[in-house]
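See structure below.
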Amino acid sequence: MLQNNQKVIRHKVGLLNLAEELGNVSRACQVMGLSRDTFYRYRDAVEEGGVEALLERTRRVPNPRNRVDIEIENAVIDYALEYPAHGQVRVSNELRKLGVFVSPSGVRSIWLRNDLANFKKRLKALKAKVAQAKLYKTKTPITAADMLNDKVLAFYEQHDLPVLRILTDRGTEYCGRADRHDYQLFLAINDIEHNKTKVKSPQTNGICERFHKTILQEFYQVTFRRKIYETIEQLQNDLDEWIDYYNNDRTHQGKICEGRTPMQTLVEGKTVWKEKFVDQT
């Protein structure tokens, strides 16, 4: 008795097996609702090529004229390896900025042809350059305050924008007694109101949580497969470059940026921000 679990040919094998059990081809064809010619065609195919010969074979011949130019395909592949976390819509948008015009569905087709259909496969394509590294950084009130002072406040002061309020989770590096906690003292000195997320509700700070995923997928998981870092300073230099790209060149698809870069959104919203600040003062 023939056996095969593939749905495409199961009914064909079933016809051959039924005829064998009944010992009557006509009766088997009547039960299955198929003709005797069909039975003999299936039987001859199995005798010549085995059960696999029953698989449906498409008569369609690929038309290479429907494919994108090889230069565009290479550009999509190169971009996929450079930014493996980007989806097909973002790839299409970013390549358009470089003068390469290909639709999101075209990007998807190229990925499928080159086994790059998902994020894991695009990461796998980088494994020839895999590097392992471990980055350790203490989480203390001092380091939290230093980050706020060195990166956040300096950035907004450069753009003449005040920081009125800050939202953090309830980690010990952010929360404590105001008279003894370095981060709390720093906020008080700079007259910054401190709001905290709800307990066990990370969605309260959803934008930050999404950024953590973005930086993990688009920077850390990629760079650690390309380069071995010997010092934190080396990693920080590359991270600074990526942050500059994130802020100034990477388009965002969320409801706030709506296809703009964060800096474009910031500049265009600067007037509204200042109006709110004036109202509070």
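The values are calculated or read from the model by the stated rules, or taken from the named source; none is laboratory data. Nothing here was measured: the structure is a model prediction, and the numbers come from that model. No Cβ is skipped: glycine too gets one built from the backbone with ideal geometry, and neighbour counts run over all protein chains shown. Remember, those area values only see protein heavy atoms, side chains included, never the ligands or the DNA or RNA. Shrake-Rupley method; radii C 1.70, N 1.55, O 1.52, S 1.80 Å.
Within segment 248-262, being surrounded by 15 or more Cβ atoms within 10 Å (Cβ to Cβ) and either assigned to a helix (DSSP H, G or I) or touching a Pro at 6+ places or on another chain (Cβ under 7 Å) (or both) holds for H252, P262. Only a single criterion out of (1) free of Cβ contacts under 8 Å to residues at least 60 places away in the same chain; (2) assigned to a helix (DSSP H, G or I); (3) under 22 Å from S92 (Cα atoms); (4) not charged (D, E, K, R) is not satisfied by N205, namely (3). Residue pairs whose Cβ atoms lie under 6 Å apart, separated by 6 or more positions or on different chains, with the first residue in segment 211-230 and among the aliphatic types (A, V, I, L, M) and the second surrounded by 14 or more Cβ atoms within 10 Å (Cβ to Cβ) and outside any helix (DSSP H, G or I), do not occur.
Restricting to segment 102-123, and then to whatever is closer than 20 Å to E218 by Cα, outside any helix (DSSP H, G or I) and not acidic (D, E), can you tell me which residue is most open to solvent (accessible area, probe 1.4 Å)?
Taking the candidates together, the pick is N118.
Quick check: is even one residue across segment 56-71 at pLDDT 70 or above, buried (at least 17 other Cβ atoms within 10 Å of the Cβ) and under 25 Å from the mean Cα position of the chain (by Cα)? Scanning segment 56-71 turns up at least one residue that is at pLDDT 70 or above, buried (at least 17 other Cβ atoms within 10 Å of the Cβ) and under 25 Å from the mean Cα position of the chain (by Cα). G99 satisfies every condition listed in (1) open to solvent by 30 Å² or more (accessible area, probe 1.4 Å); (2) modelled with pLDDT of 80 or more; (3) not in a loop (DSSP other than H, G, I, E, B) except (3).
Taking the listed residues L153, L235, L239, the one that is out of contact with any strand residue (DSSP E or B) (no Cβ under 7 Å at 6 or more places or on another chain), over 30 Å from A80 (Cβ atoms), modelled with pLDDT of 85 or more and surrounded by 12 or more Cβ atoms within 10 Å (Cβ to Cβ) is L153, with no other qualifying. Applying a threshold of 7 Å to beta carbon distances and a minimum spacing of six or more residues, or different chains, the list of pairs starting in segment 23-51 at a residue that is closer than 14 Å to V13 by Cβ and of a type in the set (V, I, T) and ending at one that is in a helix (DSSP H, G or I) and at pLDDT below 80 reads V46/A53; V46/L54; V51/I9; V51/V13. Listed by first and then second residue, the pairs linking a residue in segment 67-96 that is farther than 18 Å from W242 by Cβ to a residue that is open to solvent by 70 Å² or more (accessible area, probe 1.4 Å) and at pLDDT 85 or above, with Cβ atoms under 8 Å apart and 6 or more places separating them unless they lie on different chains, are I72/F101; A75/L98; Q88/S105; Q88/R108; L95/F101.
Scanning segment 156-185 for residues that are crowded, with 17+ Cβ neighbours inside 10 Å and polar (S, T, N, Q), we see that the one that is modelled with the highest pLDDT is Q184.
Entry remark, segment 186-225: residues being open to solvent by less than 90 Å² (accessible area, probe 1.4 Å), over 15 Å from C175 (Cβ atoms) and among the basic types (K, R) number 1 in total.
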